[in-house]
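J.: Structure provided below as structure tokens; questions to follow.
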Amino acid sequence: MSSALDALWEDRDVRFDISPQQMKMRSGEVLIDCLDYVEDTKGNNGDRASVVYCRTLTSKLRGQTEALYILTKCNNTRFEFIFTNVVPGSPRLFTSVIAVHRAYETSKMYRDLKLRSALIQNKQLRLLPQEQIYNKINGVWNLSSDQGNLGTFFITNVRIVWHANMNDSFNVSIPYLQIRSIKIRDSKFGLAMVIESSQQSGGYVLGFKIDPVEKLQEAVKEINSLHRVYSANPIFGVDYEMEEKPQPLEDLTVEQVQDDVEIESDEQTDAFVAYFADGNKQHDGEPVFSEELGLAIEKLKDGFTLQGLWEVIS
């Protein structure tokens, strides 16, 4: 059984010029806010659209104004995005993005496979918001070592958690979001439950032995059933509500009108290039000694200063 969530890319990839189908919200995704009159200042300065930190810059539509800077890294490539709210005096561009990003960063336990985390307190699982325990199975052997480790299974609506009985800190949390397959296979310890995680979580293969075999089969059946339910309507854990509810995305979406002009260009453009955080950089610059820092740094581009770079990240 291959997880229907293997195709999840929205929180991992940076993509440009995606299709209308990819723009649609997936199961579990919720519209929190929608802002009109937002200018893509770096890639399309002067164009308005709908859609971390802020700084002052020059916009073709607003002149000197505050803008939202978003720095990202995807597949070892860094991108920089600059968005400016054309409507003066509206802080929502900053407050919404920053608040939702904070909620996302503090809810990774819902989405990421975790090893040796603070999961157990007084032999009980520390539940996440919206999480419910469906089953607790004692006497589960983790087959990650030659001898195996005896522990306890917690099966919830969000994840599977195992911890060693002798050491609570020896544990693993496996969200359904990262499970690729759950099967029963033969091992040197006999029949065992084998959980294969997704490639983006490390591609782990974890084995667990439960006696008797009937109990093992029931556990696998239950986990597979909960996994299917979760895949149909996943819980990503980002809990944030606006004071004023935005209109549904379908009501705000308008058909794009094509301008009655034809632009001829001999040069091919790449959507990635406009957003590179390092411009057209192909290799590292020559190292130079910085008396201010007391160490070697890459030579700064013309017009850049160390003080200016510190102001960008502060």
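Any read-out appearing in this document is the output of simple, stated calculations on the displayed coordinates, not a laboratory observation. All figures in this text were calculated on a predicted structure; none of them were measured in a lab. When we count neighbours, we look across all protein chains shown, and the Cβ atoms used for this are built from the backbone with ideal geometry, even at glycine.
J.: For the pair residue 169 and residue 305, what calculated FRET efficiency results from E = 1/(1 + (r/R0)^6), where r is the Cβ-Cβ distance and R0 = 41 Å, to the nearest 0.05?
T.: 0.30
J.: For residue 103, what is the net charge nearby, where nearby means another residue's Cβ is under 13 Å from its Cβ and Lys, Arg count +1, Asp, Glu -1?
T.: -2
J.: Would you please classify the overall shape of segment 141-213 from the alpha carbon gyration tensor, given that a ≥ b ≥ c denote the square roots of the eigenvalues, rounded means a/c under 1.5, and beyond that prolate means a/b larger than b/c while oblate covers the rest?
T.: It is oblate, given that a/c is not under 1.5 and a/b is not larger than b/c.
J.: Another one. Can you pull the one-decimal nm distance between simple spin-label points at residue 102 and residue 74, each 7 Å off the Cα toward Cβ?
T.: Simple spin-label model gives 2.6 nm for this pair.
J.: On to the next question. Counting only other residues whose beta carbon sits under 11 Å from that of residue 140, what net charge do I get with K and R as +1, D and E as -1?
T.: Surrounding charge for residue 140 is +2.
J.: Now for a different question. Would you mind counting up the charge near residue 173? Only other residues with Cβ under 13 Å from its Cβ, with Lys and Arg at +1 and Asp and Glu at -1.
T.: Net charge in that neighbourhood comes out at +3.
J.: Right, another one. Determine the shape class of segment 79-173: with a ≥ b ≥ c the square roots of the Cα gyration tensor eigenvalues, call it rounded for a/c under 1.5, and otherwise prolate if a/b is greater than b/c, oblate otherwise.
T.: prolate
J.: Output the pairs from 108/215; 73/108; 73/114; 42/73; 24/114 with a Cα-Cα distance over 20 Å in this structure; if there are none, say none.
T.: As for pairs spanning more than 20 Å Cα to Cα, those are 108/215; 73/114; 24/114.
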